[in-house]
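Have a look at the structure below, then the notes.
The values are calculated or read from the model by the stated rules, or taken from the named source; none is laboratory data. What you are looking at is a predicted structure, and each value in this text was computed from that prediction instead of being measured. So basically every Cβ, Gly included, is an ideal-geometry build from the backbone, and we count neighbours across all protein chains shown.
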Amino acid sequence: MSSAVESAGVRLGLAENLPQFLLLMIVNALVGGMVGLERTVVPLIGAEEFRIASTTLIASFIVSFGVVKAFTNLLTGQLADLYGRKRLLVLGWLVALPVPFLIMWAPAWGWIIAANALLGVSQGLTWSVTVIMKIDLVGPKSRGLAVGMNEFTGYFALAATAFASGYIAQRYGLRPAPFYLGIVYGILGLALSILLVRDTRGHVRLEAESHPAPAQSLSFRQVFRLTTIGDRNLFAASQAGLVNNLNDGMSWGIFPLYFAAFGLSVERIGILKAAYPAVWAILQTITGPLSDRWGRKGLIVAGMWVQAFALFVTAASREFSGWLVGSLLLGIGTAMVYPSLLAVVSDVAHPSWRARALSVYRFWRDLGYAIGAVSAGLIADFFGLRWAIVAVAAVTFLSGAVVGFVMNEQRKP
C-alpha cells in the first residue's frame, strides 16, 4: 500500500505518511459531523416550528447549501494550488463556527438558509481539501483506498451525528440542544487544522516529477471543459456524481417529511437517516480498495442501479422495516459509487491539474444537492412525496446506464 518514491524528505505512500493521513481522517470526521447535524432535525424545524407547508420551501435550505458548496468546490482546487491546502482548511473551519449558533437562534427560516450557505462554503473548503490532501499523500498506487478512507470517516461521523441529533431532539426538543455538538466539532476541527495539519504541495511536486510532463499547461477554463464534456470518462463521472448527490439531496429534504407523514417519531427517523450514511461510510473502506483491484466502471454502474432499486423500495414501503431495507441498500449502492468516481477523476487527470479537475467534478457533484432538492420539492408539492422518490429513482437508473455506455475502464484489474 505504499510507494517508494521519495525526494528531499518528502515521501509518497500510505505507510510513509500514516500520522498525517490519520489526522486528516479525524479532521474529516468533524467535517462530516457538521453536515450530520442537519440530516434529521432541520427539515422538521421547518415543518413543525416555522409551520412551512411547501416542501419546496423547506428544501430551500439544501439549495443554498448545495449551490454555495458547488461553487466553492469550483474555486478550491485553484486556490489550493495557489495558496496551499492548509490555509483553505483553516479558513473553512472559521466559516463553519457561526453555523450552529445561527440555527439555534434563528427567528425566521431565512436564518436557516443563511446558515446553510455558510455551511456550504465551509464544506466546499474543508471536505475538498481533506480529500485532495489524502490523494496527495498516498500517490498513485492507493487512490481508491485513500478516497474510501476519507469518505468513510466523513460519512460515518455524519451518520452518527444524524442519529445523535435525532435522539437528543426526541428528548430535549428540536432546538437548541442538538446543535451543541456543532460547537464542539467546530472548535476541535479548527484547533487540529491550525496546530497539527501540514501542507501537501511538496507531495504533489514529487509525484509530478515521476509523470511525463503534460503537452501544455492547462488553464482553468480548459480543465473545466475537459472535466465536464471534453473527456468521456470525466464526463461520465461528473454526470454520475451529480445524480448521486441529486438523490442524496432528495433524501435529505424529502425522507424526514415522508417518514413523519406516516407518524414515525423523530428518534426512529434519526435511525433511518443514520443507517444510510453509516453503511455508505463503512463499506467505502472495502469498495475504495476494490476499485483499485477490480476497476472503477463496474462498481459505478452497479452502484447507481442499486441506489435506484433502493429508492423504489423506499417509495413502495409503508412501514419502518421496508424503509430500513431501502436505507441500507441506498448506503450499499452509494458506497460502490462514491470513492470510485473520485478515483476515476484522479486516474485521468495529470498531477499538475488534478486538484482543479477534482474541484470541477465536485462542483457538478454537489450541484446535485440543489437540483435534487428543488426538483423533488416541486414534484412532491404537485404529485406527492412518493412520486418525488420514484422520479429520482428513475433518473438514477438512467445515469448508471450512461456510465455503462460512455466510460472506458482506466484502471485494469
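Is the stretch 32-45 home to any residue that is in contact with a Phe, Trp or Tyr (Cβ under 8 Å, 6 or more places away or on another chain), crowded, with 23+ Cβ neighbours inside 10 Å and within 30 Å of Arg293 (Cα to Cα)? There is at least one residue in the stretch 32-45 that is in contact with a Phe, Trp or Tyr (Cβ under 8 Å, 6 or more places away or on another chain), crowded, with 23+ Cβ neighbours inside 10 Å and within 30 Å of Arg293 (Cα to Cα). Could you give me the residue pairs with C-beta distances under 6 Å whose first residue belongs to the stretch 400-412 and is modelled with pLDDT of 75 or more, whose second residue is among the small types (Gly, Ala, Ser) and part of a helix (DSSP H, G or I) wherever it lies, and which are 6+ apart or on separate chains? The qualifying pairs are Val403/Ala236; Val403/Ala240; Val406/Ala236; Met407/Ala236. Residue count for the stretch 17-68, restricted to those that are assigned to a helix (DSSP H, G or I) and either aliphatic (A, V, I, L, M) or at pLDDT below 85 (or both): 30. In this structure, is Leu272 on the phi < 0 side of the Ramachandran plot, part of a helix (DSSP H, G or I) and surrounded by fewer than 24 Cβ atoms within 10 Å (Cβ to Cβ)? Spelling it out, it is not the case that Leu272 is on the phi < 0 side of the Ramachandran plot, part of a helix (DSSP H, G or I) and surrounded by fewer than 24 Cβ atoms within 10 Å (Cβ to Cβ). Among the residues of the stretch 315-342, the ones that are part of a helix (DSSP H, G or I) and either touching a Cys at 6+ places or on another chain (Cβ under 8 Å) or over 30 Å from Asp231 (Cα atoms) (or both) come to 12 in all. Would you be able to say whether some residue in the stretch 106-120 is over 27 Å from Val197 (Cα atoms), over 16 Å from the mean Cα position of the chain (by Cα) and surrounded by 24 or more Cβ atoms within 10 Å (Cβ to Cβ)? No - not one qualifying residue is present in the stretch 106-120.
Per the listing Val345, Val360, Val390, the residue uniquely in a helix (DSSP H, G or I), over 30 Å from Leu82 (Cβ atoms) and either out of contact with any strand residue (DSSP E or B) (no Cβ under 6 Å at 6 or more places or on another chain) or modelled with pLDDT of 90 or more (or both) is Val390.
Those helices (runs of 4 or more DSSP H) of the stretch 160-237 in which at least 2 residues are out of contact with any Pro (no Cβ under 7 Å at 6 or more places or on another chain) and β-branched (Val, Ile, Thr), considering only elements entirely within it, cover 180-195.
Listed conditions (1) surrounded by fewer than 24 Cβ atoms within 10 Å (Cβ to Cβ); (2) at pLDDT 90 or above are all met by Gln123, apart from (1).
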